[in-house]
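The values are calculated or read from the model by the stated rules, or taken from the named source; none is laboratory data. Note that the structure is a prediction, hence the values are computed from the model and not measured. Using ideal geometry, Cβ is built from the backbone for each residue, glycine included, and neighbour counts are taken over all protein chains shown. When the accessible area is computed, the model is the full protein with side chains, heavy atoms only, and any ligands, DNA or RNA have been set aside. Shrake-Rupley method; radii C 1.70, N 1.55, O 1.52, S 1.80 Å.
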Amino acid sequence: MRSTLPDKLRRRPTAAVAATVLAACAALSACGAGEDREDSADEARNAVGVTDDTIKIGGHFPLTGVAAPGYSEIPTGHQAYFDYVNANGGVNGRQIEFVVKDDAYNPTNTSSVTNELVLQDEIFGMVGGLGTPTHGAVIDFLNDEQVPDLFVSSGSRQWGETPEEYPYTFGWQPDYVIEGKVIGQYIAENLPKAKVGLFLQDDDLGADGESGVRQFIDDQIVETVSYTPGNTDVAPQIAKLQAAGVDLVVGFNVPSYTALSQLVALKTGFAPQWIYSNVGSDPNLVGSLLANFSEGAVDGGAGLLDGVITTEYMPGADAPDDPWTQLWQKVWDEHGKDGELTNYRIYGMAEAYTFVQALQAAGEDLTRDGIVEALEEAGAEFEGPGFGPFRYSADSHLGLSGLQVVELKGGAGEPLTPVLVTDLGDAAIEEDDSAAGDAPPESGIPEVDAVD
């Protein structure tokens, strides 16, 4: 297998390993003995979390707190699919053990639970760690410890734009920049006279989305407001948009703030065209949050977001006839716990499906460096429910590349555009549905050859 990791990063020892190596060099007169110790320590690091029978991985998620609605369901989707794979023999004879820690969408907590996962639970890798501000607090630690940091549950470009800086981290969903580009182009072509206001989360979620949108409609944007996660009073932001005469709002925010912004708008009579990014637009969840935040003054229901424009990058629970949704329903029926199949559980299953392909590509001799190299070499060819192909290579660890713009009606998205594929920067936006027609294998488990 070809190594694509920079040598200084791939071989860089952790603090504990470095101390061992230095002590050995001081104690032994032969430098070669010290080098042997370093090689042994590197081999040991590569094998952490892996036995002949198991692979232990971890993830941090907001199981409690303001972001828990919806997002807490994602690891239940992961677990259901891992249980399904384990029941069918695992991967290369190994059962997948998934350790989930609650960080309550608080970066300080994320640092604490990540330390536990890496240093105490001794996981092989982090899979699906959720959140832009939260995962941003641990990306340096994970890469310094040379822990595979796979398929971050966030669309920040930092997970994959600079693999030379973060060689162990990979994104998964379309990044917010390309989503912003697709939304911006749609507005420019279909709503060229709209006075646009931006409603943004005050981190990379908002900043990346804004940068993509502004590539197409910078001259249409008349006001920009942001909120800090945890501060639930968004009345000043909505009032500012309203005062600026905004008639179209683009929101890059999490679901709770979709509900909060809608509630304030209902109270003030502010009725623009709303466009929310994919992460904040689940109609069932937002409807239930609206009912909760309004203390029953607003009846819950998916129809509350009727007319809202958003994006989709894979089929969801509103597409029961899609073969991928049918697979996820089968998995949930067999291995799911409480509740029904939701878009968030589908998200978790889809990430887990990609992870199984990565394990298969890494082969039976599973190592931390090996799975990174396998993703770089073969990941662009991985299949799944995504509408566009993955962008994995030695030069990019970015995830899916395709989306389509949809309008919500009755809880389902009605396409307004074909599948549109693009990349960062000035890469063109092109129609490409070549990946959208892939169906899952009959077994529901991928079959990927190990990378040589």
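Things worth noting here:
- Relative packing of 121-129, 328-336, which averages over residues the other C-beta atoms within 10 Å, highest first: 121-129, 328-336
- Summarising the amide proton neighbourhood of GLU223: residues at separation of 5 or more, or on other chains, whose placed amide H is nearer than 5 Å comprise LEU198.
- Taken one residue at a time, the phi angles of segment 382-389 give Karplus couplings (6.51, -1.76, 1.60, θ = phi - 60°) of 4, 9, x, x, x, 6, x, x Hz. Gly and Pro are set to x.
- Peptides ranked, highest mean first, by Cβ atoms within 10 Å: ranges 78-87, 267-276, 243-252: 78-87, 243-252, 267-276
- For segment 54-71, 3J(HN,Hα) per residue [Karplus equation, 6.51 cos²θ - 1.76 cosθ + 1.60, θ = phi - 60°, Hz, x = Gly/Pro]: 9, 10, 9, 10, x, x, 10, 9, x, 7, 9, x, 5, 9, 5, x, x, 5
- Accessible carbon and sulfur surface of the chain relative to its total accessible area, %, 1.4 Å: 46 percent
- On a per residue basis, the chain carries 39 Å² of accessible surface, using protein heavy atoms and a 1.4 Å probe.
- Reachable lysines, given that their alpha-carbon falls under 26 Å from the alpha-carbon of LYS240 and they are not under 8 places away in the same chain: LYS181, LYS193, LYS195, LYS267
- Under a 5 Å amide H cut-off, with hydrogens placed 1.01 Å from N, GLN273 pairs with LEU248, VAL249 among residues at least 5 apart or on other chains.
- A cut-off of 5 Å between modelled amide H atoms, ignoring neighbours fewer than 5 places along the same chain, links VAL48 with no other residue.
- Per residue, the average separation of C-alpha pairs within less than 8 Å and at least 6 apart gives segment 294-377 a relative contact order of 17 percent.
- Computed over neighbours whose Cβ is under 12 Å from that of LYS409, the net charge equals -4, Lys and Arg +1, Asp and Glu -1.
- Each DSSP beta bridge with both residues in segment 56-187 is either parallel or antiparallel, and the antiparallel ones are about 10%.
- Within the chain, percent of DSSP bridges classed antiparallel, to nearest 5: 35 percent
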